[in-house]
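Enquirer: Take this structure, written in structure tokens, and hold onto it; I'll ask about it next.
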Amino acid sequence: MSFDLVLFGGTGDLAWRKLMPALFQAFRHGTLPEGGRIIGVGRDDASHEDYRQRIGERLAQVETAKRPNPDEFAKFASLLYYQRMDVSKSEDFQALKRTLAERDADTVVMYLATAPTLFTQVIEQLQAAALNSPRTRIVLEKPLGYDLASNRAINSKVGEVFDENQVFRIDHYLGKPSVQNLMALRFGNAIFEPLLRRENVANIQITLAEELGVEKRGPFYDNTGALRDMVQNHALQLLCAIGMEPPISDHADAIRDEKLKVLRALKPWTPETLTQHSVRGQYDAGTINGQRVPAYRDEQGVNPETHTETFVALRTEIVSWRWAGVPFYIRTGKRLAGRDGRIVINFRPVPHSIFKLPGGGAANQLVINLQPRDGLELHLMAQGANNRRNMDALSSVQLDLDFDKRFGSERVGAYERLLLDVIDGRLNLFVRADEQEEAWRWVEPLIEYWKQDSSGPRSYPSGTWGPSASSAMIARDGYHWSEES
Ligand code: BG6
């Protein structure tokens, strides 16, 4: 199968950091179909050779195991082409059309790794140049809009030009092996699924913590904030993966229908829950790994008076027979105490204990580690400790599965997986328009509430787990975040 992958934003940050290294890995693993071209689009005047050289320089900087040797790079470079374009000019789309006609590939992928403000324009230009034939697929990177209205505007424009099954909305978390493992855990094993319901589960905690600050993305991030950057997409997708009913098949729409139901079942916000069940924070100066780091307000490109949140903690519920009454806590932030992506399922304690349990009754816990470790921990009680004074006391032990150790280098990275899925036309790991709109609809009251709340985000020192209000929020239900146990 031949393909042309047209990368709008081909000289931009995403292409640079993620897409080109991922495409090279796919090439190295022999999974990139033969006979393809990768056409980087940019505004600069550059030749194919200049572009290949720049990509070569970039790939020479990736971690050693993923770096090409000269021979490999020469072969990979022969797939790379460059197309100078000004996306406001229709003649440049005609030129692109001529480039594509040279090959007449089976599949043409238009990857929009550009600022989202250009999406509508590029899509209109593709339509005007008749570059939207049924063998075209369009990939849209997040953020897809800024709120529900702007998201709808983009999706309705895309819908005028492409059929929904030609549209690949990326949420790179869905491409992570650890997130796919979550689906495998739930729907590839019979033993966990019956336990995952309100009768057995006390609460579920989703944590997406980063040590990094905003890096060089200050201007973008200051207009975005953690709610739009991480919660509306990644965290809600994880919530869907852990909360959804078993899909009837692995067909993309079967999976997406179930995720949509979860989003529709999220408890609507009320004036009371907006104040009680949401916390926003912003990092102050502090210490990360022994290094002093500046406050968010002092980062480059950030307004010194900014109220943008770099931390969010929320409590919600999925109002359904399976989950009604079970709190789902979501927490994400930058400059936190560690890089830690995990879902913790806290089970209810035994109904009547004949043992002395530590801490008055530690309950079972299933921890799904997403990153940096990818694995599974099952915390159980056992009578292991040889305590002569307290012979019937139980201790907590854990079964610990490390998928990185078990599967090692055979694992495929998120972008590599998603790029191959686009080329092969597999939509399972991409977000449908209605799902995305529903997620925006749910976060919108929070956006509005924070806009009007002049007190702004609470500050937290870099290197901590966020504002203390986040612990207080969950303590009101009688629980604590998993690292506080
Ligand atoms: C991106 C956000 O979508 O996800 C970034 O825009 C964030 O702000 C990143 O750092 C986190 O991704 P990962 O894969 O490093 O957890």
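The values are calculated or read from the model by the stated rules, or taken from the named source; none is laboratory data. No experiment lies behind these values; they were computed from the predicted model shown. All Cβ positions, glycine included, derive from the backbone under ideal geometry; neighbour counts span all protein chains shown. Each accessible area value is taken on the protein alone, full model and side chains, heavy atoms only, with ligands, DNA and RNA left out. Shrake-Rupley method; radii C 1.70, N 1.55, O 1.52, S 1.80 Å.
Enquirer: Got a sec? Which of ASP229, ASP253 is of a type in the set (Asp, Glu), part of a helix (DSSP H, G or I) and within 12 Å of the ligand (Cβ to nearest atom)?
Expert: None of the other options fit; the residue is ASP229.
Enquirer: Condition (residue is within 16 Å of the ligand (Cβ to nearest atom) and either under 22 Å from the mean Cα position of the chain (by Cα) or without any contact (Cβ under 8 Å) to a residue 24 or more places away in the chain (or both)) applied to the stretch 151-165: is it met by at least one residue?
Expert: So far as the stretch 151-165 goes, yes, one or more of its residues are within 16 Å of the ligand (Cβ to nearest atom) and either under 22 Å from the mean Cα position of the chain (by Cα) or without any contact (Cβ under 8 Å) to a residue 24 or more places away in the chain (or both).
Enquirer: Would you confirm whether any residue within the stretch 172-184 is of a type in the set (D, E, K, R) and within 12 Å of the ligand (Cβ to nearest atom)?
Expert: Yes: one or more hits.
Enquirer: State the number of residues belonging to the stretch 180-192 that are hydrophobic (A, V, I, L, M, F, W, C) and open to solvent by 40 Å² or more (accessible area, probe 1.4 Å).
Expert: Matching residues across the stretch 180-192 total 5.
Enquirer: Looking for whichever is within 23 Å of the chain's Cα centre (by Cα) and either farther than 18 Å from ASN223 by Cα or not in a helix (DSSP H, G or I) (or both) here; the options are ILE248, ILE242. Which one fits?
Expert: ILE242
Enquirer: Another question about this same structure. Can you pull out the helices (runs of 4 or more DSSP H) entirely within the stretch 397-485 that have at least 1 residues that are within 16 Å of the ligand (Cβ to nearest atom) and under 23 Å from ASN181 (Cβ atoms)?
Expert: 403-407, 414-424, 433-452
Enquirer: Please go through the stretch 193-212 and give me each residue that is hydrophobic (A, V, I, L, M, F, W, C) and open to solvent by less than 30 Å² (accessible area, probe 1.4 Å), ordered by number.
Expert: LEU196, VAL201, ALA202, ILE204, ILE206, LEU208, ALA209
Enquirer: Could you name every one of the strands (runs of 3 or more DSSP E) located completely within the stretch 284-365 that has at least 3 residues being within 16 Å of the ligand (Cβ to nearest atom) and buried (at least 19 other Cβ atoms within 10 Å of the Cβ)?
Expert: 328-333, 340-347
Enquirer: Still on this structure, please answer the following. Restricting to the stretch 4-32, count the residues that are under 14 Å from SER78 (Cα atoms) and not aliphatic (A, V, I, L, M).
Expert: Going through the stretch 4-32 one residue at a time, the tally reaches 4.
Enquirer: Let me ask you something else. Listed residues TYR111, TYR146, TYR82, TYR173; which is open to solvent by 30 Å² or more (accessible area, probe 1.4 Å), among the hydroxyl-bearing types (Ser, Thr, Tyr) and either in contact with a Leu (Cβ under 6 Å, 6 or more places away or on another chain) or in contact (Cβ under 8 Å) with a residue 60 or more places away in the chain (or both)?
Expert: Being open to solvent by 30 Å² or more (accessible area, probe 1.4 Å), among the hydroxyl-bearing types (Ser, Thr, Tyr) and either in contact with a Leu (Cβ under 6 Å, 6 or more places away or on another chain) or in contact (Cβ under 8 Å) with a residue 60 or more places away in the chain (or both) holds for just one of TYR111, TYR146, TYR82, TYR173, which is TYR146.
Enquirer: For the stretch 214-221, does any single residue satisfy the condition of being within 30 Å of PRO327 (Cβ to Cβ), open to solvent by 10 Å² or more (accessible area, probe 1.4 Å) and outside any helix (DSSP H, G or I)?
Expert: no
Enquirer: Sort out which residues of the stretch 204-213 are touching a helix residue (DSSP H, G or I) at 6+ places or on another chain (Cβ under 8 Å) and either more than 8 Å from the ligand (Cβ to nearest atom) or modelled with pLDDT under 95 (or both), and write them in order of number.
Expert: ILE204, GLN205, ILE206, THR207, GLY213, listed by residue number.
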